[in-house]
Amino acid sequence: MSVNRSKNHSVHVASGSGSDWFKPERVLLVRQQAFRSAISEDFTEIQGLAVAAGSQVVSHISAVRKIPHPATFLGSGKVLEITELVKKLAVDVVILDHNATPVQERNLEQAFHCRVIDRTRLILDIFALRARTSEGKLQVELAQLNHLATRLVRGWTHLERQRGGLGLRGPGETQLETDRRLIGRRIRTLGRKLEKVRLQRALRRNQRDRVPIPTVAIVGYTNAGKTTLFNALSGASGLVVDQLFATLDPMMRRLDISGYGPVIISDTVGFISRLPHELVDAFHSTLEEVSGSQLLLHVIDLLDPEITERVEQVERVLDDIGAGDIPRLRVYNKADLIEDSSVRSLVNGSRHRGLRISASTGKGLEELVGTVGALLGSNRERRMLKIPSDRPRLRAAVYRIAEVADEKVDAEGNWWLELLVDSVAVGRLESQEQFQTGWWQAFGKDSTRLNAII
């Protein structure tokens, strides 16, 4: 067993008038492992989550138990020890770095005489704080209600008796049953609203497909520097703070790559280990943007002491959301803060493509953009396009959209352009006004055409 005091965090200030000063809730972190006591480094992530939720971490405590107790998760001796610590430190909330059952949470609250929340509830609370768009708020509320639906018994034990209710409840319906019914109704309402959101997203994707521009999604573990990279590439001004889940609502910007053309860069919500399934389900429409991308930039924090585990966790989440087969490029961020030899050994030891960058200083960004263009254009093919002499604007559009390898003019003044194009470029060309698909020519086979070119 080990108990460690952490440095108190500064008092947070609420928005509004000067009378809105408040002290954050004092929290105690609890982590239980099967074979050894947790050390301070094991609490880094859960402490970051607690701070991101606006709490003040006053201490943390570890426990060793092979199998969690079905009633209290922790052993009886550890429960007594934490009870004394809660009193001594005036703890408001105990946070378990695990997913607990409703019964376990209720029994621990009765023992500790304070609120107890698990890892899933903590992450849901952070998402509720971060949601800014109407879609994000709907997704978070749905996830919270799905989580709450299994925990109503804790909140309404004192009301588990039959009550009448004019216009609200049927004969003999209990308060608990009423709340379950109301929550179920709200969940269905949110589900219908989010289904409309999914349809709207699908419609926007279909519209983009008409003038197909590839999407490059920036993914990675939370707080790895994704938004900093997004801002550096796109010139946007997304919120950049050293905080878990600072970005919740996805952002998209256009980026023009020399030698390739325009792409859409997408900044996405960060992943985390043991991501609550309620969030994965609720954020399905947002995660669809990742699974519909043509290339993933997997941002990796070189300063993370658990870098290997973080990479594996992101890969698992990508598999879970159906993005496991999308081509990806590993982007090793914060290379300016670590010795070059260490970075080289890490990148060279990986079987995946990888580049070293510093999103904050701009180091390596030019190479990154060029690599993105090369990867997106790796499936290009040579095609010949004939443009009539009375279509000069179309010729100019071809030069904007595609890579022109060669150009010749025949005796009639028509332009014959040798292009390097992929399916995206072909789609963009064919969407141009007055374009005719019959202008595509079989490359290298029309000897009559070749002889006519001057």
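Given a cut-off of 22 Å, name the pairs among 23/88; 23/334; 66/88; 193/226; 137/193; 23/78 whose C-alpha atoms lie farther apart than that in the structure shown.
23/334; 66/88; 193/226; 23/78
Starting from the Cα of residue 71, step 7 Å along the direction of its Cβ; do the same at residue 381; then give the gap between the two resulting points in nm.
Here the modelled spin labels are 7.0 nm apart.
Please give the length that would be gained between residue 179 and residue 34 if that part of the chain were fully extended, namely 0.36 nm times their separation in residues minus their C-alpha to C-alpha distance (nm, one decimal).
Result for the pair: 48.5 nm of gain on full extension.
Please sort 138-145, 257-264 by packing, taking for each peptide the average over its residues of neighbouring beta carbons within 10 angstrom, highest first. Intermediate values should be presented prior to the final figure.
Numbers: 138-145: 21.4, 257-264: 17.4.
So the order, starting with the most tightly packed, is 138-145, 257-264.
FRET efficiency for residue 41 and residue 420, Cβ-Cβ distance as r, R0 = 51 Å, nearest 0.05? Could the numbers behind the result be given before it?
On the way: r = 50 Å, r/R0 = 0.99.
Efficiency, from the Cβ-Cβ distance: 0.50.
Quick one: which residues, 5 or more positions from residue 422 or on another chain, have an amide H under 5 Å from its amide H? H modelled 1.01 Å from N in the peptide plane, none for Pro or chain starts.
Amide H neighbours of residue 422: 381.
To make sure I understand, if each residue's beta carbon is the centre and we count other beta carbons within 10 Å, what order do 399, 332 fall in, fewest to most? Could the numbers behind the result be given before it?
Numbers: 399 12, 332 23.
Taking fewest neighbouring Cβ atoms as first place, the list is 399, 332.
Please find the FRET efficiency linking residue 80 to residue 274, where r is the Cβ-Cβ separation and R0 is fixed at 30 Å, and quote it to the nearest 0.05.
Working: r = 28 Å, r/R0 = 0.92.
Once the sixth-power term is evaluated, E becomes 0.60.
Laboratory data are not the source of any read-out in this text; all were calculated from the coordinates shown. Every value quoted in this text rests on a predicted model; they were computed, and no experiment measured them. For neighbour counting, all protein chains shown are included, and Cβ atoms are generated from backbone atoms with ideal geometry for every residue, glycine included.
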